[in-house]
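Note sheet for the following structure.
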Protein chains: 2
Amino acid sequence: MSWQNLRAIKREIRVLGIDDGAFVPHVKGQVLIVGVVFRGGLWFEGVMHTKIAVDGLDSTDKLSSMIVGSSHYPQLRVVVLNGITLGGFNVVDIKTLNSVTELPVITVTRERPDLNEIHKALENLPKSKQRWELILRAGEPVEITSRNQKAKIYVQAAGISLDVAKRILRLTSTRSNVPEALRVAHLIASGISELPPHN
Amino acid sequence: MSWQNLRAIKREIRVLGIDDGAFVPHVKGQVLIVGVVFRGGLWFEGVMHTKIAVDGLDSTDKLSSMIVGSSHYPQLRVVVLNGITLGGFNVVDIKTLNSVTELPVITVTRERPDLNEIHKALENLPKSKQRWELILRAGEPVEITSRNQKAKIYVQAAGISLDVAKRILRLTSTRSNVPEALRVAHLIASGISELPPHN
């Protein structure tokens, strides 16, 4: 994926937004992961899904397989995640996800991730050191202003410069402070997933 | 729902498109039903879901509860179904759906429904007479030209005149011959639902 390509594609760029569905925190189980493909910030192109373990260690593998195995894969130009953790503390290794899929990966959150708090929460989980290293490996989230210049969002990027990442985010955030693919992935994942009974 | 309202709302009209997911035909089971809310033909507003029985008789009840129980209900102005049958031959009573939800209901198919073939298929199912009556009760599908004037689509309507239904369909079919809400509901329902294992 060359930057030239990204410059050329502009408004037509195919973005994959990924978010997780509802789950019961700290309880062993699977959580629905939904990926939504948008063409630029306007057109819904398709959907893909997988499941990962709550607080598990399989998110990078499962996301990679979902993306590379999808019929949309050849069109995709960038992956946008709602933060670096899915399904609780199932940390995504965004550098590995980038190298396996050969697609730039951008994480976006509306609040600055509190690394101290995350570090503390990890202590109660198995392989806390491995999880913490994945978080550090992704690099510190960088504050940028969103498209309307008012709200701030926090961004990490792998396989792409922060400058190009910013331009993609502004181009594709047509309805909110995050790319439309991510906004809609959130709506679908939370709208379709069901909490397990009796919880 | 008055026609005046529909005229006034125009491009901003909230449309609910409903389609079913994958299922194994003729095998007892549940099928995912996805409803997608669009504002006009452009903006994805939200998603709702339910499950119905394959070849069952519960689609009208389940759709009514899903719609009336949704947080989007107060904004909705029209319901668009991908034909009158969901999950095999679980026939939707569109007149009852209209009266319970107090929303106009439009069915859209790209091919003219073959009523003789449907009648024949129904013979193998329990309560075939009841199902057939629901199909007749919906009225004969009317051929109309889609937004680009080339393709034909087939439409039934309850609680709304065919003329107003036509205008809504043309206004909201921004990417294909059917309203964007219905196109996206189809993509989500088929993309998220999984066939039961061993089938």
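Filtered by the rule that a residue be free of Cβ contacts under 8 Å to residues at least 40 places away in the same chain and more than 14 Å from chain A (Cβ to nearest Cβ), the range B:168-196 gives a lone residue, B:ARG170. Of all residues in the range B:14-30 being surrounded by fewer than 23 Cβ atoms within 10 Å (Cβ to Cβ) and part of a strand (DSSP E or B), which is nearest to the other protein chains (Cβ to nearest Cβ)? Residue satisfying both the conditions and the ranking: B:GLN30. Select from the range A:53-73 the residues that are under 14 Å from the mean Cα position of the chain (by Cα) and of a type in the set (A, V, I, L, M, F, W, C) and list them in ascending order. Result: A:LEU63, A:MET66, A:ILE67. Selection within the range B:42-65: residues that are more than 14 Å from chain A (Cβ to nearest Cβ) and among the polar types (S, T, N, Q). The member of this set that is nearest to B:ILE94 (Cα to Cα) is B:THR60.
Identify, please: which residue in the range B:115-146 is more than 26 Å from B:SER161 (Cβ to Cβ) and of a type in the set (Lys, Arg) and is, among those, surrounded by the most Cβ atoms within 10 Å (Cβ to Cβ)? For the range B:115-146, the residue satisfying everything is B:ARG131.
Restricting attention to the range B:136-155, does a residue exist that is assigned to a helix (DSSP H, G or I) and either within 24 Å of B:PHE23 (Cα to Cα) or without any contact (Cβ under 8 Å) to a residue 40 or more places away in the chain (or both)? Checked against the condition, which is being assigned to a helix (DSSP H, G or I) and either within 24 Å of B:PHE23 (Cα to Cα) or without any contact (Cβ under 8 Å) to a residue 40 or more places away in the chain (or both), the range B:136-155 yields at least one hit. Residues that are of a type outside the set (Val, Ile, Thr), in a helix (DSSP H, G or I), under 30 Å from B:ASP55 (Cβ atoms) and modelled with pLDDT of 90 or more occur in the range B:170-180; there is at least one.
Residues in the range A:66-96 that are under 20 Å from A:TYR154 (Cβ atoms) and either within 14 Å of another protein chain (Cβ to nearest Cβ) or of a type in the set (Asp, Glu) (or both): 1 in all. For the range B:96-114, the set of residues classified as surrounded by fewer than 17 Cβ atoms within 10 Å (Cβ to Cβ) and in contact with a helix residue (DSSP H, G or I) (Cβ under 7 Å, 6 or more places away or on another chain) consists of B:VAL100 only. Here B:ARG39, B:ARG11 are screened, and the one residue that is under 30 Å from A:THR172 (Cβ atoms), away from chain A (no Cβ under 14 Å) and in contact with a helix residue (DSSP H, G or I) (Cβ under 8 Å, 6 or more places away or on another chain) is B:ARG11.
The values are calculated or read from the model by the stated rules, or taken from the named source; none is laboratory data. Only a predicted model underlies this, so the values are computations on that prediction, with no experimental measurement involved. Using ideal geometry, Cβ is built from the backbone for each residue, glycine included, and neighbour counts are taken over all protein chains shown.
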